[in-house]
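Data block below; observations after.
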Amino acid sequence: MTQSQRIDVLDKGYVILHDILGDDRTVANAARVSYDKKTGELTDRDQRLIAFLAREGHTSPFRHATLQFELYAPLMIARQHWKYIVGSSIAEATGDNMDAWNESSRRYVTEEPTFYIPQIDEWRSAPESSKQGSGEAVDRVTGYEMLEALIEHVDESIRLYERAMRRGVCAEQARLFLPAYGMYVRYYWTASLQSVAHFIAQRLADDAQVEIQAYAKATLELAREHFPVSIDALIGDTQ
């Protein structure tokens, strides 16, 4: 058990590391069990072993360490993140997955909806050389127009949502009035160290969406504090 550590992300989001199982020694000991060996204090030899495991793709020892996060993120980010739950499964067909995911649902939760609202200088242009991703910031006039339009859209959607609730419509249908992609959702993500490192490496890439890069950076900072050798071996000395 570790004391929860929190990093705020975007305008209203956050990443919290609630709990961990293991440390860098866990990885080394998992690798050495084949020879009935075990390390006490982390040594230079252990660090070389961890680097070797990562370099040669011997990843099973990294799955014996686990991290539990709580995230509060726009739905568009949560759905990108969710792909790593599927992608990290080592036996997807049987449902034997190394990751766990539990998310708040507006079938049951009726607290006031919260939305991600990019500010004037945070609206980005479409890239010239790709059908996805983003380019430079748009001009301030366009940014202001988009900000005002999004606020108006969100306010009207909330009004319709609240009216449906007042008329006795069930929450699971009333939520249809809410603009989904920017709505914040809260979820727990428990994953192996290997899975966490994979998410970080993929979503710190230059072509990753800027908003999910922010969540990957926060995840990296929290994970590296507890697994510095393993994180650097798996993804390099990033950030």
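The values are calculated or read from the model by the stated rules, or taken from the named source; none is laboratory data. Please read these numbers as outputs of a predicted model, since none were measured by experiment. As a convention, Cβ positions derive from the backbone with ideal geometry for all residues, glycine included, and neighbour counts pool all protein chains shown.
Before moving on, here are some points about what is shown:
- Scanning the range 196-239 for residues that are of a type outside the set (Asp, Glu), in a loop (DSSP other than H, G, I, E, B) and over 14 Å from residue 20 (Cβ atoms) yields a total of 7.
- When the criteria are applied in full, residue 54 fails the requirement of being part of a helix (DSSP H, G or I) and modelled with pLDDT under 75.
- Residue check: residue 157 meets all listed conditions (1) in contact with a helix residue (DSSP H, G or I) (Cβ under 6 Å, 6 or more places away or on another chain); (2) touching a residue at least 60 places away in the same chain (Cβ under 8 Å); (3) not hydrophobic (A, V, I, L, M, F, W, C) but one, namely (2).
- Long-range neighbours under 6 Å by Cβ, at least six apart or interchain, first residue assigned by TED's automatic domain parsing to the domain that holds residue 194 and within 11 Å of residue 230 (Cβ to Cβ) within the range 19-46, second surrounded by fewer than 19 Cβ atoms within 10 Å (Cβ to Cβ) and aliphatic (A, V, I, L, M): 24/42; 25/42
- Some residue of the range 23-30 being surrounded by 13 or more Cβ atoms within 10 Å (Cβ to Cβ), assigned to a loop (DSSP other than H, G, I, E, B), of a type outside the set (A, V, I, L, M) and at pLDDT 95 or above: yes
- Taking the range 62-80 as the range and being surrounded by fewer than 21 Cβ atoms within 10 Å (Cβ to Cβ) and assigned to a helix (DSSP H, G or I) as the test, the residues that pass are 63, 64, 75, 76, 79, 80.
- Residue among 205, 191 that alone is within 20 Å of residue 80 (Cα to Cα) and in contact (Cβ under 8 Å) with a residue 12 or more places away in the chain: 191
Here is a yes/no grid of residues against (1) surrounded by fewer than 19 Cβ atoms within 10 Å (Cβ to Cβ); (2) at pLDDT 95 or above; (3) assigned by TED's automatic domain parsing to the domain that holds residue 57; (4) not β-branched (Val, Ile, Thr):
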residue	(1), (2), (3), (4)
146	yes, yes, no, yes
206	yes, no, yes, yes
209	yes, no, yes, yes
217	yes, yes, yes, yes
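- Residue within the range 47-69 that is assigned by TED's automatic domain parsing to the domain that holds residue 189, under 22 Å from residue 221 (Cα atoms) and among the acidic types (Asp, Glu) present: no
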